[in-house]
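The values are calculated or read from the model by the stated rules, or taken from the named source; none is laboratory data. What you see is a predicted model; the values in this text were computed from it and never measured. Reconstructed Cβ throughout: ideal geometry from the backbone, glycine too, with neighbour counts over all protein chains shown. For the accessible areas, the whole protein counts, side chains as well, though only heavy atoms, and no ligand, DNA or RNA atoms are used. Shrake-Rupley method; radii C 1.70, N 1.55, O 1.52, S 1.80 Å.
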Amino acid sequence: MTHAKTSYVCLPCQASYKQPYDAYRTEWICPRCAEPLIHVGSAFAPPRRRDTAAWRTLSVLLHAGVRFHKSCCGGPGYRPRTLREVRERMTYARRTGEPFARALVRPDIP
């Protein structure tokens, strides 16, 4: 029997780890720095470790509460991949009052 795997990341180490999903475990620890890992979901594809702009973008998403869980159609939906896309959505959220997390996953800005 195979167990579903989900991803966890350490932002300071810019590292991603696949772990078996465990509903009863509340915390995973980074093996490099011993800080708590952030659960990001099973549909997460990590950026390259040296791509600091991509990790900054990911940090903004995670701190806003955006995760990468599979939806009914297979993927997590749109997620910004660049800081420019993040800034555009932040500006839109400030201008319209839309919650930041919702604006971040909006594929198009009107």
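Would you tally the net charge around E88, using a Cβ to Cβ cut-off of less than 13 Å, leaving E88 out, and scoring K and R as +1, D and E as -1? Once all neighbours under 13 Å are counted, the net charge is +4.
Remark: the chain carries a charge dipole of roughly 280 debye about the Cα centre, counting +1 on each Lys and Arg Cβ and -1 on each Asp and Glu Cβ.
If you take every residue apart from Q14 with its C-beta less than 13 Å away from the C-beta of Q14, what net charge results, scoring Lys and Arg +1 and Asp and Glu -1? Charge balance in the 13 Å sphere: +3. In region 1-64, the ratio of gyration radius to Kirkwood radius, Rg to Rh, stands at 0.97 when only Cα atoms are counted. The label point for W28 and the one for R87, both projected 7 Å from the Cα toward the Cβ, are 3.3 nm apart. Farthest towards the positive end of the charge dipole of the chain, among the residues A4, A23, A103, is the Cα of A103, using unit charges on the Cβ of Lys, Arg, Asp and Glu. Short to long, the 10 Å bins of the Cα pair-distance histogram for the chain hold 14, 42, 32, 11, 1, 0 percent of all pairs. Counting only protein heavy atoms and a probe of 1.4 Å, the accessible surface of the chain is 52% carbon and sulfur. Think of a 1.4 Å ball rolled over the protein heavy atoms: the chain then has 66 Å² of accessible area per residue. Averaged over residues, the count of other Cβ atoms within 10 Å places the peptides 63-70, 30-37 in the sequence 63-70, 30-37, highest first. With no solvent and one point per C-alpha, what does the Debye sum give as log10 I(q)/I(0) for region 55-105 at q = 0.18, 0.20 Å⁻¹? Here log10 of I(q) over I(0) equals -0.55, -0.66.
The alpha carbon centroids of region 54-106 and region 11-44 are separated by 20 Å.
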